[in-house]
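> I'd like to ask you about the structure that follows.
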Amino acid sequence: TIVNQVGALKNMVDAFRQYARMPEPTRQELDLNVLLREVLTLYESLAGWLSVELEANLPHIVGDAAQLRQVIHNLLQNAEDALAETRQPRIVVRSERIAGGIQVSIIDNGLGFPEKLMQRAFEPYVTTKPKGTGLGLVIVKKIMEEHGGSVEIANVVPDGARVTLVFPAMAAQTAAIKAVARA
């Protein structure tokens with residue numbers, strides 16, 4: 001028990017250190033679909049579960065590719081973890097154009113978010129995972145805000161969860177990033 005607790009504390013400290021010392025983003029023009037495809041190649045083991053629906057010819061965004069990969073990995077890992085006890089697991093990764101930008105959704109048919117967690121999901125140390133640190137969604141939110149975007153969570157009826165990332169198109173994003181930097 002002591003060894004397990006020490007290991008859990010070490011993981012939490014490491015995650016908090018990463019959150020607290022997140023480096024300044026190195027921004028460049030990015031094709032979000034290309035970035036999504038790069039990350040999804042690492043999830044070939046989910047081939048039977050994974051459905052990819054990427055809208056063609058999306059506007060580019062300005063962002064830090066490494067940080068955005070971290071966001072996508074975190075959300076895909078969360079979706080995969082939510083499917084642990086699902087008979088016919090399914091994850092959908094979708095990108096689409098919306099007014100003023102791009103929306104990326106990661107949808108699973110797992111257990112969904114517990115109702116008591118919905119209002120606190122982006123607070124530090126809030127988790128449903130036995131070995132989770134409760135910093136994953138906090139880091140996702142911080143990265144999205146630094147990119148002038150946003151993140152939302154919702155439960156899907158009848159089963160599952162959807163995490164939605166909204167990125168402003170490149171021109172609007174540059175203005176939003178400058179506003180966040182001034183704050």
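The values are calculated or read from the model by the stated rules, or taken from the named source; none is laboratory data. Predicted, not measured: the structure shown is a model, and the values here were computed from it. With ideal geometry, Cβ positions are generated from the backbone for all residues, glycine too; neighbour counts draw on all protein chains shown. Heads up: the accessible areas ignore ligands, DNA and RNA and are worked out on the full protein's heavy atoms, side chains in. Shrake-Rupley method; radii C 1.70, N 1.55, O 1.52, S 1.80 Å.
> Take the residues in the range 89-107 that are open to solvent by 10 Å² or more (accessible area, probe 1.4 Å) and in contact with a Phe, Trp or Tyr (Cβ under 9 Å, 6 or more places away or on another chain), then tell me which one is nearest to Leu32 (Cα to Cα).
Gln103
> Is there a residue being assigned to a helix (DSSP H, G or I), at pLDDT 95 or above, among the β-branched types (Val, Ile, Thr) and open to solvent by 60 Å² or more (accessible area, probe 1.4 Å) anywhere in the range 35-51?
No - not one qualifying residue is present in the range 35-51.
> Then there's this: Restricting attention to the range 92-101, does a residue exist that is touching a Ser or Thr at 6+ places or on another chain (Cβ under 7 Å) and either modelled with pLDDT of 90 or more or in a loop (DSSP other than H, G, I, E, B) (or both)?
So the first thing to find is which residues in the range 92-101 are touching a Ser or Thr at 6+ places or on another chain (Cβ under 7 Å), and the list is 92, 94.
Going one step further and asking which of them are either modelled with pLDDT of 90 or more or in a loop (DSSP other than H, G, I, E, B) (or both), we end up with 92, 94.
Yes, that holds for at least one residue.
> Looking at the structure I just gave you, is Thr86 β-branched (Val, Ile, Thr) and exposed (fewer than 12 other Cβ atoms within 10 Å of the Cβ)?
Details: β-branched (Val, Ile, Thr): yes; exposed (fewer than 12 other Cβ atoms within 10 Å of the Cβ): no.
Here the answer is no, as Thr86 does not meet what is asked.
> Got a number for residues in the range 52-79 being outside any strand (DSSP E or B), more than 22 Å from Lys142 (Cα to Cα) and open to solvent by 40 Å² or more (accessible area, probe 1.4 Å)?
The initial filter retains those residues of the range 52-79 that are outside any strand (DSSP E or B), namely 55-60, 64-79.
Still in the list and also more than 22 Å from Lys142 (Cα to Cα): 55-59.
Restricting the remaining residues to those that are open to solvent by 40 Å² or more (accessible area, probe 1.4 Å) gives 55-57.
Result for the range 52-79: 3.
> Would the range 115-134 turn up any residue that is at pLDDT below 90, surrounded by 19 or more Cβ atoms within 10 Å (Cβ to Cβ) and in a loop (DSSP other than H, G, I, E, B)? Write out each step before concluding.
Start the filter on the range 115-134 by keeping residues that are at pLDDT below 90, which leaves 115-134.
Subsequent filtering for residues that are surrounded by 19 or more Cβ atoms within 10 Å (Cβ to Cβ) retains 121, 133.
If we keep only those that are in a loop (DSSP other than H, G, I, E, B) too, we end up with 121, 133.
Among the residues of the range 115-134, at least one is at pLDDT below 90, surrounded by 19 or more Cβ atoms within 10 Å (Cβ to Cβ) and in a loop (DSSP other than H, G, I, E, B), which makes the answer yes.
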